[in-house]
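In what follows, a structure is listed as structure tokens, so that the remarks can point back to it.
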Amino acid sequence: MSKTKGCNTKSKKAVLIGAGQIGRGFIGQVLCEAGYELTFVDASQALVDNINRYKQYKVIVMGAGEQEYLIDHIRACMPDTEQAVEALCEASLVTTAVGPTALAKTATTIAAGIIRRMERGSEEPMTVIACENMEFGSSKLFESVKEHLSAAQLDYCERYIGFPDAEVSRMVMPIEDENPLTVKVEQYKEWVVDSAKVRGDLSGIRGIELSDNPTAYIKRKMFTLTGHAMLGYLGYRKGLRYIYEAAYDDEIFHTVFTALTECGKGWCGEYNMPEENFNEYICIMMRRFADTRMVDPCVRPCRQPMRKLSQGERFIEPALTALKHGVEPVGIVAGIRAVLDYDYAEDEQAVELQRRIAAEGLPAVLEQVCGLRPGERLMQMILNA
């Protein structure tokens, strides 16, 4: 392992809402290296206490050889506290990494920070980026924040605060270490941000790619998440424990690769992109999923199967997009059937999904959960698979 690298001298301030693995192992590293002093805001008292106790942690990056990065000049606080509001008042950049279901809960803290900035007469710009596995997370977050602002406060917000949508991708895992905050990450990372909605200057942050066409990148990420989730569901059905085991199973690999190819053809048709663009991305993703150093349990990307089966998520939308562009989504449908079979007893949505299938029948679930219409081509494919 190569020597630990420290971060640059801190001259800017950022607030990271969510001190979990992505917050620490991806966003924290990128912003620390860019010279930001970091304040983590998290609802876990244990995480907050550990950050304030250790005041630093390591990010171990896997590659040809492991490289350590020391993330320092950090502190933490709970949401909806005076410390959190003050940190937001002083920050030029705010990120969230709390998960799609918890994103709206961050709005009260963010709104309080915006209101205080206005009260102090601050004209300093601030950018708020939702770094979540969801489409247009920042736009949705802005809608939640608006609910807590008066007309005058909203006018201020729209002038000085930006909520650019983003796409983020990096696999992170905890490891055993004397510092419980230490994480291990893959070398690959991607963070694409909508340049049109940025307030201030993010061009100096190595690791952020500013784009004038973020929707295509966001959709590409969502469509390839189909493959990651399929490895989980198909691996679980075969009794496999880890994602890399599923990736090395010939039958599963073939099914997932077929599905991703269908996703790619639909994506390229929808966004007028060359197919080789997506094909190269598929190869990168499959290599990542097969990395035996990333010990990722199959059940992790399987979480919340009903949400993953909904409209606009990683199965139904890619399948419908493929059909729109003349591609039969046979592989994606195989993945959907695996989701419908998912019965992990410790996942509340999996339990509820199986209860509803048993009580209401599969056609009703496809209509109510997936938003498909009776007689629709995709519904028929799923029922006949």
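The values are calculated or read from the model by the stated rules, or taken from the named source; none is laboratory data. The structure displayed is predicted, hence computed values, not measured ones. Quick reminder, even Gly has a Cβ in these numbers, built from the backbone with ideal geometry, and neighbours come from all protein chains shown.
At a glance:
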{"read-out": "Wholly enclosed strands (runs of 3 or more DSSP E) of segment 1-106 bearing at least 3 residues of a type in the set (A, V, I, L, M, F, W, C) and modelled with pLDDT of 95 or more", "value": "12-17, 36-41, 74-77"}
{"read-out": "Single match in ALA152, ALA111, ALA130, ALA104 (criterion: surrounded by fewer than 17 Cβ atoms within 10 Å (Cβ to Cβ) and touching a helix residue (DSSP H, G or I) at 6+ places or on another chain (Cβ under 6 Å))", "value": "ALA104"}
{"read-out": "Residue within segment 210-224 that is modelled with pLDDT of 90 or more and assigned to a strand (DSSP E or B) present", "value": "yes"}
{"read-out": "Number of the exception - VAL59 against (1) of a type in the set (Val, Ile, Thr); (2) over 28 Å from GLU124 (Cα atoms); (3) in contact with a His (Cβ under 8 Å, 6 or more places away or on another chain)", "value": "(3)"}
{"read-out": "Test: residue in segment 347-367 that is in contact with a Phe, Trp or Tyr (Cβ under 7 Å, 6 or more places away or on another chain) and not aliphatic (A, V, I, L, M)", "value": "no"}
{"read-out": "Top-ranked residue of segment 241-264 - restricted to ones that are within 9 Å of CYS298 (Cβ to Cβ) and touching an Asp or Glu at 6+ places or on another chain (Cβ under 7 Å), ranked as surrounded by the fewest Cβ atoms within 10 Å (Cβ to Cβ)", "value": "TYR242"}
{"read-out": "Residues within segment 355-375 that are touching a helix residue (DSSP H, G or I) at 6+ places or on another chain (Cβ under 9 Å) and free of Cβ contacts under 8 Å to residues at least 60 places away in the same chain, tallied", "value": "13"}
{"read-out": "Subset tally (residues that are surrounded by fewer than 17 Cβ atoms within 10 Å (Cβ to Cβ), touching a residue at least 40 places away in the same chain (Cβ under 8 Å) and assigned to a loop (DSSP other than H, G, I, E, B)) for segment 327-345", "value": "1"}
